[in-house]
Amino acid sequence: MNSEKKRNHFLCEALCDLKDLQDIMMDFHSKYFGQLLVKIVGSDTIPFFLITNSGAHLRLMDTVKNFETEFFRIEDVDKDRYRGTVSLLRAFDYEGNDTNFLADVVRLEKTSTEKSIELSGISAIQLLKPDMLKGKFIIEPKW
């Protein structure tokens, strides 16, 4: 297996694992505690961004809601074709404006927009905290 196919294989496997974890969070139902896992985690989504072979973050555009994002949720992986389907997560800063600067993101919002991506152009995946979808943040007093 050449190095590109090996990288694509590992990336597909990582995205499949991520999808499986999301499915467990969504589908796990305890007889006594209901959907406690989703309540503990606070979300059914594990957000991430993708790093391209050139070292940049992959950015995709939602042409309906007119925003660009580099934050995603995995929806499906096609290992045979090295493709992944992601839904776009819209990122907001403290003032409620769109942002893609990770240091400014205080909340990620799920959208219904899905995009299919070619995984051969991706070199890495970086997971983010699921609580970024809760939008809870604390501003410490200055004094």
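Considering only the stretch 117-134, how many residues are closer than 22 Å to residue 9 by Cα and open to solvent by 70 Å² or more (accessible area, probe 1.4 Å)?
Qualifying residue count for the region: 3.
Of all residues being aromatic (Phe, Trp, Tyr), in contact with a strand residue (DSSP E or B) (Cβ under 7 Å, 6 or more places away or on another chain) and within 15 Å of residue 57 (Cβ to Cβ) in the stretch 68-116, which is surrounded by the fewest Cβ atoms within 10 Å (Cβ to Cβ)? Just the residue, please.
In this case the residue turns out to be 71.
Looking only at the stretch 2-24, decide whether some residue is in a helix (DSSP H, G or I), polar (S, T, N, Q), at pLDDT below 75 and open to solvent by 80 Å² or more (accessible area, probe 1.4 Å).
Checked the stretch 2-24: at least one residue is in a helix (DSSP H, G or I), polar (S, T, N, Q), at pLDDT below 75 and open to solvent by 80 Å² or more (accessible area, probe 1.4 Å).
Answer with yes or no whether residue 48 is open to solvent by less than 10 Å² (accessible area, probe 1.4 Å) and aromatic (Phe, Trp, Tyr).
Yes.
The values are calculated or read from the model by the stated rules, or taken from the named source; none is laboratory data. Keep in mind the model is a prediction, meaning the values are calculated, not measured. Every residue, glycine among them, receives a Cβ derived from its backbone with ideal geometry; neighbour counts consider all protein chains shown. Remember, those area values only see protein heavy atoms, side chains included, never the ligands or the DNA or RNA. Shrake-Rupley method; radii C 1.70, N 1.55, O 1.52, S 1.80 Å.
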